[in-house]
Each structure stands twice: as C-alpha cells, then as structure tokens.
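Novice: Take this structure first; my questions come after.
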Amino acid sequence: MPAHNYKLNEIDLRLEPYLTELYRLHRTRAAAIDWSYHEFIPWELGRSFKEHPWSIDQRTLPDPIYLAVETSLLTEVNLPFFYHHLAVTFKGSLQVLQDFVHTWVSEEDQHSSLLETYLIITRNADPAALHQLRKTVVEGGFVPDFDTAMETMVYTAVQELATMVFYNNVAKSAGPYDKNLASLLRRLAKDESLHFAFYRDVVKGYLGQDHNFVYYIHKAMTSFAMPGRDMPMFKERMDVIAQEAGYGPVSYFNQVFDHLIQVWGIEDVKPSRTEAENARLDLLEYHGKLKRISARLAARGVK
C-alpha cells in the first residue's frame with residue numbers, strides 16, 4: 001500500500017482546525033498543572049558524596065522498585081533521539097504538529113532530571129555507576145523504524161500510554177516504601193496522559209477521515225517496543241518489574257494495547273482498500289493472540 005504523503009495530502013488540510021484545537025486544549029491543560037522537578041526533591045537529605053561516599057546499605061528502596069525507577073530514567077534519556085525523529089518526520093507538515101513537538105519536548109525535558117536527581121539525593125543510586133550507565137544508553141542512541149508520519153503518531157500514542165501506565169503502576173508498588181517517590185511518579189504520569197491524549201486524538205482524526213489509515217496502525221502496534229529496549233539487560237529488568245513492581249505484559253495488554261484497539265474502534269472501521277482491510281484483520285488476530293498469552297501469564301501471577 002503506497003504511503004500517504006503527509007506534506008501534500010488534502011486530509012492534512014481538512015484536519016488542520018481539529019488539530020489546532022487539540023493543541024490549544026493541550027496547552028491549556030498543561031498550563032493548569034505546570035510544575036518544576038525541584039518541587040519533588042527532598043533537598044534536606046543532600047550530603048556530599050566526596051565526604052560521605054555511597055554504599056549499598058544507603059539504599060532504602062527495595063531492589064525491584066529501584067530497578068523500575070532506574071529503567072524509567074534510562075528510557076527518558078532517549079528524548080534527544082526521539083525528538084530528532086519527530087522533528088524530521090513532521091518537517092514540512094502542518095505547523096500545528098511541529099509546534100506540538102516543541103511543546104512536548106519542553107514538557108518531557110525535566111523527566112529524566114527529576115528521576116536521576118531523586119535517586120541520587122536520596123542515596124538510592126550509586127551516582128558513579130548510574131552516570132556510566134546513563135552515558136552508555138545515550139551513546140547507544142535510539143532510531144525508530146517507521147517510514148510515515150502516521151506510523152510515528154500511532155507509535156507515540158502507544159508509547160505515551162504505556163509510560164503513563166508504567167508510572168502509575170510502579171507508584172502503587174512504591175507507595176508503601178516511599179510516598180514521595182510515589183507522588184513524583186504520579187506527577188510524571190500526568191504529563192504522559194496529556195501527551196497520550198493528543199496523539200490518540202490525532203490518530204482518531206485521521207482515521208475518521210479515512211479508514212484506510214488502519215494500515216499504518218497495524219504496523220506500529222504489532223512491532224511496538226519501548227525506546228529503552230536497547231539498554232543493558234532490558235529483558236531481565238522487565239521480568240523483575242513484571243513480577244515485583246507492578247508492570248509487565250499483562251498490564252501492557254489490558255491497559256495499553258486492548259485499550260487502544262477499543263478507543264480507535266478497530267473492529268468497526270471499514271477500509272475500502274484490500275491491503276488496509278487485511279492489515280485490520282491481522283491486527284485483530286494479533287490482538288486475540290496477545291489476549292490469550294496475557295490470560296495465561298495473569299494466571300501465573302504476572303502483572
């Protein structure tokens with residue numbers, strides 16, 4: 001199926017007022033919950049690491065909770081690479097999409113700062129080891145594998161929802177051990193919820209104009225993987241988090257994948273092109289497969 005040209009396609013122009021209103025709503029909602037990461041840092045606990053070197057006994061978080069927060073941090077540091085992909089993807093497209101990407105970056109920018117500063121100030125992290133790990137991940141980079149703007153918007157919607165659910169679920173697990181940590185994770189989830197809402201509704205707008213866009217939803221959803229997937233021991237990290245920190249394949253299916261299938265009405269769209277209909281049917285088959293796998297994992301106690 002030929003890729004739609006998002007620089008010239010008339011659908012872009014028809015959707016411009018709708019997308020402009022989505023962006024206006026986002027700016028209004030974001031302004032109402034504006035924040036700075038310093039508000040969530042317990043500065044009074046700070047001590048010089050030179051005078052008081054770090055040791056593992058200073059960690060107060062259970063290892064699975066610490067691992068979940070560290071994994072979040074190592075995912076968030078991919079922001080420069082993801083921004084570059086979005087900026088290139090939407091270059092020459094509608095101005096409102098370019099404007100939103102800039103707003104999105106300004107709001108995402110402090111997420112990694114909050115997580116890293118919190119872990120260091122509370123002495124849950126070995127600052128030297130975390131520094132090296134962060135450098136390794138950033139040096140490795142991240143390049144999304146999508147050819148069209150539509151696939152990128154679908155991927156970003158999935159990624160933002162998955163991140164929101166991750167933060168909220170880990171916050172529940174962290175609450176008994178560190179209420180401040182739970183609070184800052186829920187704070188981050190609020191940002192992700194607004195970003196998700198924008199991309200979710202952009203995709204709905206395009207799908208509302210042309211059901212054949214389900215072709216691109218199929219590829220982005222069936223090949224989805226988080227930006228942090230190349231960090232050291234990613235699979236081992238996610239296995240621990242699924243068992244002991246509240247987020248895993250069952251949460252992903254129930255709270256992310258299945259939710260988007262319903263929100264975008266994949267069962268009800270009626271594409272006119274054979275390739276798009278085949279993609280829709282394959283996506284629903286993939287959904288059914290994930291549902292069966294999720295049920296088996298849930299029966300074993302996996303989150």
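The values are calculated or read from the model by the stated rules, or taken from the named source; none is laboratory data. Since this is a predicted model, take the numbers as computed values, not measurements. Glycine also receives a Cβ, built like all others from the backbone with ideal geometry; neighbour counts cover every protein chain displayed. Surface areas here come from the heavy atoms of the whole protein model, side chains and all, with no ligands, DNA or RNA. Shrake-Rupley method; radii C 1.70, N 1.55, O 1.52, S 1.80 Å.
Novice: Just to be sure before I move on: is Asn180 open to solvent by 10 Å² or more (accessible area, probe 1.4 Å), farther than 27 Å from Leu207 by Cβ and not β-branched (Val, Ile, Thr) in the structure I sent? Step through it out loud before you land on a result.
Specialist: Numbers: open to solvent by 10 Å² or more (accessible area, probe 1.4 Å): yes; farther than 27 Å from Leu207 by Cβ: yes; not β-branched (Val, Ile, Thr): yes.
It is true that Asn180 is open to solvent by 10 Å² or more (accessible area, probe 1.4 Å), farther than 27 Å from Leu207 by Cβ and not β-branched (Val, Ile, Thr).
Novice: Let me ask something else. Of all residues in segment 112-123, how many are touching a residue at least 40 places away in the same chain (Cβ under 8 Å) and either touching a Cys at 6+ places or on another chain (Cβ under 7 Å) or of a type outside the set (A, V, I, L, M, F, W, C) (or both)?
Specialist: 6
Novice: Oh, and also: Among the residues of segment 120-142, write down those that are of a type in the set (A, V, I, L, M) and either touching a Phe, Trp or Tyr at 6+ places or on another chain (Cβ under 7 Å) or under 17 Å from His52 (Cβ atoms) (or both). Break it down stepwise before answering.
Specialist: Of segment 120-142, the ones of a type in the set (A, V, I, L, M) are 120-121, 125, 128-130, 133, 137-138.
Answer for segment 120-142, where residues must be of a type in the set (A, V, I, L, M) and either touching a Phe, Trp or Tyr at 6+ places or on another chain (Cβ under 7 Å) or under 17 Å from His52 (Cβ atoms) (or both): Ile120, Ile121, Ala125, Ala128, Ala129, Leu130.
Novice: Go through segment 195-217 and report how many residues are over 16 Å from the mean Cα position of the chain (by Cα), in contact (Cβ under 8 Å) with a residue 12 or more places away in the chain and open to solvent by 40 Å² or more (accessible area, probe 1.4 Å).
Specialist: 4
Novice: Within segment 66-110, can you find the residues that are farther than 25 Å from Pro17 by Cβ, among the acidic types (Asp, Glu) and in a helix (DSSP H, G or I)? Please lay out each step first, then the result.
Specialist: Keep residues of segment 66-110 that are farther than 25 Å from Pro17 by Cβ, which gives 66-85, 88, 108-110.
Next cut, among the acidic types (Asp, Glu) only: 70, 76, 108-109.
Of everything in segment 66-110, those that are farther than 25 Å from Pro17 by Cβ, among the acidic types (Asp, Glu) and in a helix (DSSP H, G or I) turn out to be Glu70, Glu76, Glu108.
Novice: While we're looking at this one, here's another question. Quick check on segment 41-56: of everything there that is assigned to a loop (DSSP other than H, G, I, E, B) and modelled with pLDDT under 85, which residue is most open to solvent (accessible area, probe 1.4 Å)?
Specialist: Just the residues of segment 41-56 that are assigned to a loop (DSSP other than H, G, I, E, B), to begin with: 41-42, 46-55.
Add one more test, that the residue is modelled with pLDDT under 85, and what stays is 41-42, 46-51.
On the way: Ile41: 13, Pro42: 15, Gly46: 41, Arg47: 119, Ser48: 50, Phe49: 61, Lys50: 188, Glu51: 142 Å².
Taking the candidates together, the pick is Lys50.
Novice: Given the residues Leu25, Leu61, which is the only one that is surrounded by 13 or more Cβ atoms within 10 Å (Cβ to Cβ), assigned to a loop (DSSP other than H, G, I, E, B) and at pLDDT 95 or above? First the steps, then the outcome.
Specialist: Working: Leu25 fails: assigned to a loop (DSSP other than H, G, I, E, B).
When all the criteria are applied, what remains is Leu61.
Novice: Quick one: Lys7 ticks every box in (1) open to solvent by less than 20 Å² (accessible area, probe 1.4 Å); (2) at pLDDT below 95 bar one, so which box is it?
Specialist: Of the numbered conditions (1) open to solvent by less than 20 Å² (accessible area, probe 1.4 Å); (2) at pLDDT below 95, the odd one out for Lys7 is (1).
Novice: Here is a further query. In segment 187-194, is there at least one residue being charged (D, E, K, R), surrounded by 21 or more Cβ atoms within 10 Å (Cβ to Cβ) and at negative phi? Reasoning before the result, please.
Specialist: Of the residues in segment 187-194, the ones charged (D, E, K, R) are 187, 190-192.
Checking the rest, the ones that are also surrounded by 21 or more Cβ atoms within 10 Å (Cβ to Cβ) come to 191-192.
Restricting the remaining residues to those that are at negative phi gives 191-192.
Yes, there is a match, as at least one residue in segment 187-194 is charged (D, E, K, R), surrounded by 21 or more Cβ atoms within 10 Å (Cβ to Cβ) and at negative phi.
Novice: How many of the residues in segment 244-276 are open to solvent by less than 50 Å² (accessible area, probe 1.4 Å) and in a helix (DSSP H, G or I)? It would help to see each step written out before you state the result.
Specialist: As a first pass, look at segment 244-276 and keep what is open to solvent by less than 50 Å² (accessible area, probe 1.4 Å): 245-248, 250-253, 256-258, 260-261, 263-266, 269, 271, 276.
Cutting the leftovers down to in a helix (DSSP H, G or I) gives us 250-253, 256-258, 260-261, 263, 276.
The total comes to 11.
Novice: If Asp145 passes every condition in (1) open to solvent by less than 10 Å² (accessible area, probe 1.4 Å); (2) closer than 25 Å to Ala225 by Cβ but one, which one does it miss?
Specialist: Looking at each condition in turn, Asp145 falls short on (1).
Novice: Let me ask you something else. Quick test for you: out of Asp126, Asp99, Asp109, pick the one residue that is touching a residue at least 12 places away in the same chain (Cβ under 8 Å), farther than 23 Å from Asp230 by Cα and open to solvent by 10 Å² or more (accessible area, probe 1.4 Å).
Specialist: Details: Asp126 fails: farther than 23 Å from Asp230 by Cα; Asp109 fails: farther than 23 Å from Asp230 by Cα.
The match here is Asp99.
Novice: Restricting to segment 73-92, and then to whatever is touching a Phe, Trp or Tyr at 6+ places or on another chain (Cβ under 7 Å) and buried (at least 17 other Cβ atoms within 10 Å of the Cβ), can you tell me which residue is nearest to Met153 (Cα to Cα)?
Specialist: Of segment 73-92, the ones touching a Phe, Trp or Tyr at 6+ places or on another chain (Cβ under 7 Å) are 78, 81-82.
Remaining after also requiring buried (at least 17 other Cβ atoms within 10 Å of the Cβ): 78, 82.
Working: Asn78: 17, Phe82: 12 Å.
Filtering segment 73-92 for residues that are touching a Phe, Trp or Tyr at 6+ places or on another chain (Cβ under 7 Å) and buried (at least 17 other Cβ atoms within 10 Å of the Cβ), the one nearest to Met153 (Cα to Cα) comes out as Phe82.
Novice: Quick one: what pairs do we get from segment 286-303, first residue within 16 Å of Asp239 (Cα to Cα) and open to solvent by 60 Å² or more (accessible area, probe 1.4 Å), second assigned to a helix (DSSP H, G or I) and not β-branched (Val, Ile, Thr), C-beta under 7 Å, 6+ apart or different chains?
Specialist: Lys303/Ala242; Lys303/Ser251
Novice: Could you say which residue among Ala276, Ala299, Ala295 is of a type in the set (A, V, I, L, M, F, W, C) and within 22 Å of Leu207 (Cβ to Cβ)? Working first, answer last.
Specialist: Working: Ala299 fails: within 22 Å of Leu207 (Cβ to Cβ); Ala295 fails: within 22 Å of Leu207 (Cβ to Cβ).
Exactly one residue qualifies, and that residue is Ala276.
Novice: Could you list all residues from segment 249-285 that are over 15 Å from Val165 (Cβ atoms), touching a residue at least 60 places away in the same chain (Cβ under 8 Å) and in contact with a Lys or Arg (Cβ under 7 Å, 6 or more places away or on another chain)?
Specialist: Trp264, Val269, Pro271 - these are the residues of segment 249-285 that are over 15 Å from Val165 (Cβ atoms), touching a residue at least 60 places away in the same chain (Cβ under 8 Å) and in contact with a Lys or Arg (Cβ under 7 Å, 6 or more places away or on another chain).
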